[in-house]
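The values are calculated or read from the model by the stated rules, or taken from the named source; none is laboratory data. Computed from a predicted structure; not experimentally measured. Neighbour counts run over all protein chains shown; Cβ positions are idealised from the backbone, glycine included.
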Amino acid sequence: MKKMILIARKDIAIQLKDRKAFLLLLLMPFLLTAILGFALKGVMEGETIPAEVIGVYVEKGDPLGEEFVENYLQQDWLTVKRAIHEAELEDWVARKEIDAGIVLPTEWEEQRKSAKILAVAGKESSALFTQQLTDSFSQTFWTMSQSTQTIMTNLALAASAQGAAIQPDKIQAELLMEMKQAAERKGQYIEVTSIGEREVSSMQYYAAAMAAMFLLFNAVRGGKSLHQEQQSVTLDRLRMTPTRVEFILGGKFLGTWCLAFGQFLVFMGATRYLLEVDWGESALQTLCIGLAYSFAVSGLAVLVAAFSANEKTADLAGGIMVQVLALLGGSMLPLSAFPEVMRKVALVLPNSWALTSFTSIMTGTTWASLGAAALVLVAIGAASIVVGTARMRGIALSGGK
Amino acid sequence: MLTMTQVKKCYGDQEVVKGVTLHVGRGEAFGLLGPNGAGKSTTISMICGLVPYDEGDIQVDGLSVNRSPYEIKKKIGVVPQDIALYPTLSALDNLLFWGKMYGLKGAEAKNRALEVLETVGLAERGKDRIETFSGGMKRRINIGAALLHRPELLIMDEPTVGIDPQSRHHILETVKNLNEQGMTIIYTSHYMEEVEFLCKRIAIMDHGQVIASGSTQELCKRLAGGNQLLLDVEEAGPAFVDKLKQLEGVEKVVSPQQSEIHLYVKQGQDMMASIVSIASEEAVKIRQIKLKEADLETLFLQMTGRSLRD
């Protein structure tokens, strides 16, 4: 065990002295997180509420229509496009440039003509939504109008019976204003809350994705490090010391594990404080998954070393492996964008387990649900070590031939 | 200190070491010679426990290498042919690491590393990275890394390849001193003068076998005949070489090149007239004839038909 720690310490010292490689391992994921997080912010954060685009044509400046468009439809979750004439609106609908269209006739205010809703093929729900919006507005208007008239009539009757004089225009205007303000007031009694998991932001997603992807490079670096020892004969020299082959490999593994976890810690800290990425409420959960994932990646390093002939093939094959795993594991595109088959493939990939676990922690999860992921990651690492060590021990005993 | 008995090693169908038997006594400096591919490196790897042997036995200080590899590794120090050091670490850090890998601890490891730096003449460069060292300095640290645990047997595989004369001299002096202090040395080199300087006994290996072993004086006397005549000729045909072989007193004729013929003879001076006469008969023009006393170089060439550096 002591010799394993010695070898691991030596590997860490060598790695820390190679400043270029070390900075690359830290800077690259940080930069990619920043770039992808900012670039895909709109795409990922727009998914929670779909932005509706409604086209509107108001015939000859109908006042009620103007009121509807200029005030009622001005919402954060709506985009309003005004057409100059009805044909233009119909053209937008035909070309599916909008989700639904509304034509507001001149005599809409007098209820002589109805508003016309234009549905886009395949977006009938948007047409229904637009119709409900229009109905809601017109019913509110006509209710207010009818109420005002009733109040005014009663007031006039009462005043004439008492012989008093009233100012009907002033009263009507005040009444209308109060009712309008009441109708438009945003209810303080409404609280918006989400049930179930919170959504992760693009910055959070890509911080987790880049951590999962760039930690994988430790598998390549670890594998290459063993080949470097072989090439520079230091591996032979290590084997000439009174140290078992298993302890030499164990030391190399331990070094890779410590470096991978260290890289994760620095990356997590940098994204937390420089990019303000929220890694979730439980730092302990994140660290546990980070530790388990680093273990899995270090196991893969033993496999890479065992199944590659030299440093060059380890570099090439390892590089391809990282790219494929990153793509299939959701580090480049969110797993939710993948078809079902691909999502099933991702279930055997350590980076996919790590990524899913990190995002689960970000949205809030329990230790029980994280346990399975941690176990899978440790199992992948352990299986890789067993297979890789068996093969390398075989090669060593045959004298490397 | 070291006994090899009928040791064999095969890689697949190829037998690379064919029943090697050797004995190296405690405190002895022993030279192992052989051209490239003779089986020296495999033999050394088997002694160090890097490669398991298939048949026979190797014993170091009475312990079998295959059965007690870790006990034996504590007694052996190996200087590999290549520089087996970490270039980005300092000389001191390298020595500390290797010392600890041999079981030295804390202050003991540090003191020993400083002592070894002194021994190899690099005490002032301890904190410098290996990558900043010259070839000769790297070789000296490479040797130093094998000395940290005070091995009883030091195996050196061509430790002076590609270095400047000053560093080579320093290394040879260091090894000689270590041997004089009682350390057993097994030394392989392509430089005969190094082997002659350091070793009292040698073994010559070729094609996986020991073809001769004994003291250098014994071997030169026994195998080379006495003198060597070096002929520098223009286009020597096979008939000329055949006639030379039939001359009385000629032990062996080797022709490494068409223009170069080596004759191993009892009395070189007596043969010259006969050689010139044969050359005249065969119309071979002799440019130069040299008479040389037999040494390891000539011995090696005679035995293997190849120069050590081929």
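A few points about this structure:
- Considering residues of the range B:113-137 that are buried (at least 23 other Cβ atoms within 10 Å of the Cβ) and either of a type in the set (S, T, N, Q) or at pLDDT 90 or above (or both) only, the residue nearest to residue B:167 (Cα to Cα): B:116
- Any chance residue A:261 is more than 27 Å from residue A:348 (Cβ to Cβ) and of a type in the set (Phe, Trp, Tyr): no
- Of all residues in the range B:29-46, none satisfies being closer than 19 Å to residue B:150 by Cβ and either within 14 Å of another protein chain (Cβ to nearest Cβ) or in a helix (DSSP H, G or I) (or both).
- Single condition residue A:253 does not satisfy, out of (1) without any contact (Cβ under 8 Å) to a residue 40 or more places away in the chain; (2) under 23 Å from residue A:385 (Cβ atoms): (1)
- Taking the criterion of being in a helix (DSSP H, G or I), farther than 19 Å from residue A:322 by Cβ and not polar (S, T, N, Q), the residues of the range A:267-288 that qualify are A:268, A:269, A:270, A:272, A:273, A:274, A:283, A:284, A:287, A:288.
- Hits in the range B:40-68 (condition: crowded, with 19+ Cβ neighbours inside 10 Å and either more than 24 Å from residue B:207 (Cα to Cα) or of a type in the set (Ser, Thr, Tyr) (or both)): B:41, B:42, B:43, B:45, B:53, B:60
- Residues in the range B:262-310 that are charged (D, E, K, R), exposed (fewer than 13 other Cβ atoms within 10 Å of the Cβ) and at pLDDT 80 or above: B:281, B:285, B:287, B:290.
- Residues that are at the interface with chain A (Cβ under 8 Å from one of its Cβ atoms), over 29 Å from residue B:128 (Cα atoms) and in contact (Cβ under 8 Å) with a residue 40 or more places away in the chain, drawn from the range B:61-107: none
- For the range B:138-152, the set of residues classified as within 11 Å of residue B:120 (Cα to Cα) and in contact with a strand residue (DSSP E or B) (Cβ under 7 Å, 6 or more places away or on another chain) consists of B:142, B:143, B:147, listed by residue number.
- Exactly one residue out of B:17, B:51 is within 30 Å of residue A:9 (Cβ to Cβ), of a type in the set (A, V, I, L, M) and within 14 Å of another protein chain (Cβ to nearest Cβ): that is B:51.
- Among the residues of the range B:81-92, at least one is assigned by TED's automatic domain parsing to the domain that holds residue B:153 and within 16 Å of the chain's Cα centre (by Cα).
- Checklist (1) over 18 Å from residue A:207 (Cα atoms); (2) among the hydroxyl-bearing types (Ser, Thr, Tyr); (3) in contact with a Ser or Thr (Cβ under 8 Å, 6 or more places away or on another chain) applied to residue A:313, failing item: (3)
- Options A:66, A:59: the member that is touching a strand residue (DSSP E or B) at 6+ places or on another chain (Cβ under 9 Å), within 29 Å of residue A:177 (Cα to Cα) and free of Cβ contacts under 8 Å to residues at least 24 places away in the same chain: A:66
- The criterion of at least 2 residues that are more than 26 Å from residue A:287 (Cα to Cα) and either outside the structural domain of residue A:296 (by TED's automatic domain parsing) or modelled with pLDDT of 85 or more (or both) is met, among helices (runs of 4 or more DSSP H) falling completely within the range A:309-374, by A:311-328.
- Checking B:73, B:100 one by one, the residue that is in the same structural domain as residue B:50 (by TED's automatic domain parsing), buried (at least 18 other Cβ atoms within 10 Å of the Cβ), modelled with pLDDT of 90 or more and under 24 Å from the mean Cα position of the chain (by Cα) is B:73 and no other.
- Within the set B:234, B:158, B:194, the sole residue that is within 14 Å of another protein chain (Cβ to nearest Cβ) and at pLDDT below 90 turns out to be B:158.
- Residue check for residue A:393: more than 14 Å from every other protein chain (Cβ to nearest Cβ) and either touching a strand residue (DSSP E or B) at 6+ places or on another chain (Cβ under 7 Å) or surrounded by fewer than 19 Cβ atoms within 10 Å (Cβ to Cβ) (or both): no
- For the range A:121-169, filtered to residues that are of a type in the set (D, E, K, R) and without any contact (Cβ under 8 Å) to a residue 24 or more places away in the chain, the residue that is farthest from residue A:69 (Cα to Cα) is A:169.
- Unmet requirement for residue A:242, which otherwise passes all of (1) buried (at least 16 other Cβ atoms within 10 Å of the Cβ); (2) part of a loop (DSSP other than H, G, I, E, B); (3) more than 14 Å from chain B (Cβ to nearest Cβ): (3)
- Going through (1) among the aromatic types (Phe, Trp, Tyr); (2) within 14 Å of chain A (Cβ to nearest Cβ); (3) touching a residue at least 24 places away in the same chain (Cβ under 8 Å) one by one, residue B:133 falls short only on (2).
- A single member of A:305, A:390, A:382, A:301 is over 20 Å from residue A:255 (Cβ atoms) and out of contact with any Pro (no Cβ under 8 Å at 6 or more places or on another chain), and it is A:390.
- Only one of A:32, A:16, A:24 that is surrounded by fewer than 16 Cβ atoms within 10 Å (Cβ to Cβ), part of a helix (DSSP H, G or I) and at pLDDT below 75: A:24
- Any chance residue B:20 is surrounded by 15 or more Cβ atoms within 10 Å (Cβ to Cβ), touching a residue at least 60 places away in the same chain (Cβ under 8 Å) and in contact with a Leu (Cβ under 6 Å, 6 or more places away or on another chain): no
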